[in-house]
Amino acid sequence: MYRKQFYVFDQDRPVPVVIRNYERGDFDDLIQVQRESFPPPFPSNLWWNPVQLNNHVTLFPEGALCIEVQGVLAGSMTGLLIDFDPDHPDHTWEQITDHGYIRNHVSTGNTLYVVDISVRPSYRKLGLGQALMSSMYEVVVHKGLDRLLGGGRMSGYHKRANEMTAEQYLNAVVAGEIKDPVITFLLRCGRTPLKVVSNYLEDEESCHYAALMEWKNPFVTTSKII
């Protein structure tokens, strides 16, 4: 199981944090993190429920991570293993994650797929999201997987949808011409875009699009490249 203790910085002040596997006793806090992280218009029915969380800690506990700041659960990240075929990348969040229940987890899969990452808004200046992402990269390396993969919300796209396609928007973010709250964060974490996926998630801010983004295990060479 995973546990890492280190410091993040609140301006110049070191703050102790712990990243560990979340457990059943954390469920209420995890659901509250979801409420704070994804307020309306994000659909509340997509917040975690206890059955989903129980599946996470039962089916793939290695992919169930949370971060504590001085004893307060401030964020979480969840994944499952899939067999990803780069020749057939299109999917929806519901299909790939079993609506968040991860009953389709493949213990011998080649790819760690990110189901969710969330950090309480009041803690977002501490770099906790990047810390969680780095820890999940360590899980990828530890298990010898090909990659980490996930769909990134294009949460600023609704402001530009009348003037550019989703693909043009993603290209503009990658070029540094536009800053998107989610995609720019993922780029900072070392993720690289593969393609835009339509109807990925019920998400008005993204106009239901997502950018499929990966992090390749630098210790593994794969033959298939998009």
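Please work out which one of (1) over 24 Å from PRO193 (Cα atoms); (2) assigned to a helix (DSSP H, G or I) is the condition SER107 fails and give its number.
Here SER107 meets the rest and fails (2).
Here is a yes/no grid of residues against (1) modelled with pLDDT of 95 or more; (2) under 19 Å from the mean Cα position of the chain (by Cα); (3) surrounded by fewer than 20 Cβ atoms within 10 Å (Cβ to Cβ); (4) in a strand (DSSP E or B):
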| residue | (1), (2), (3), (4) |
| --- | --- |
| ASP28 | yes, no, yes, no |
| LEU53 | yes, yes, no, no |
| VAL57 | yes, yes, yes, no |
| GLU68 | yes, yes, yes, yes |
| PHE84 | yes, yes, no, no |
| HIS88 | no, no, yes, no |
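Which of the residues spanning region 7-26 are without any contact (Cβ under 8 Å) to a residue 60 or more places away in the chain, part of a strand (DSSP E or B) and surrounded by 12 or more Cβ atoms within 10 Å (Cβ to Cβ)?
Those that are without any contact (Cβ under 8 Å) to a residue 60 or more places away in the chain, part of a strand (DSSP E or B) and surrounded by 12 or more Cβ atoms within 10 Å (Cβ to Cβ): PRO16, VAL18, ARG20, ASN21.
Taking the condition of being within 17 Å of the chain's Cα centre (by Cα), of a type in the set (Lys, Arg) and in a loop (DSSP other than H, G, I, E, B), how many residues in region 119-173 meet it?
1
Considering only residues that are farther than 20 Å from CYS66 by Cβ and touching a residue at least 24 places away in the same chain (Cβ under 8 Å), which ones fall in region 27-41?
PRO41, the sole residue that qualifies.
Anything in region 73-113 that is among the β-branched types (Val, Ile, Thr), free of Cβ contacts under 8 Å to residues at least 60 places away in the same chain and closer than 19 Å to PHE38 by Cβ? List them, or say none.
THR78, ILE96, THR97, ILE102
Please go through region 78-90 and give me each residue that is of a type outside the set (Asp, Glu) and in contact with a Gly (Cβ under 8 Å, 6 or more places away or on another chain), ordered by number.
Selection gives THR78, GLY79, LEU80, LEU81, ILE82, PHE84.
Take SER122 and decide whether it is over 18 Å from ALA211 (Cβ atoms) and touching a Lys or Arg at 6+ places or on another chain (Cβ under 7 Å).
no
Condition check ((1) in contact with a His (Cβ under 9 Å, 6 or more places away or on another chain); (2) at pLDDT 95 or above; (3) buried (at least 22 other Cβ atoms within 10 Å of the Cβ)) across all residues:
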site	(1), (2), (3)
GLU62	yes, yes, no
GLY100	yes, yes, no
VAL115	yes, yes, yes
GLY127	no, yes, no
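So how many residues does region 205-226 have that are more than 20 Å from THR165 (Cα to Cα), outside any strand (DSSP E or B) and modelled with pLDDT of 95 or more?
3
Tally the residues that are surrounded by fewer than 17 Cβ atoms within 10 Å (Cβ to Cβ) and either hydroxyl-bearing (Ser, Thr, Tyr) or outside any loop (DSSP other than H, G, I, E, B) (or both), restricting the search to region 195-204.
3
Which count do you get for residues in region 174-194 that are hydroxyl-bearing (Ser, Thr, Tyr) and in a strand (DSSP E or B)?
Of the residues in that region, 1 qualify.
Taking into account only those residues within region 149-192 that are out of contact with any strand residue (DSSP E or B) (no Cβ under 9 Å at 6 or more places or on another chain) and within 17 Å of TRP215 (Cβ to Cβ), which is surrounded by the most Cβ atoms within 10 Å (Cβ to Cβ)?
Residue satisfying both the conditions and the ranking: THR184.
The values are calculated or read from the model by the stated rules, or taken from the named source; none is laboratory data. All of these numbers come straight from a predicted model, not from anything done at the bench. Ideal geometry is used to build each Cβ from the backbone, glycine not excepted, and the neighbour counts take in all protein chains shown.
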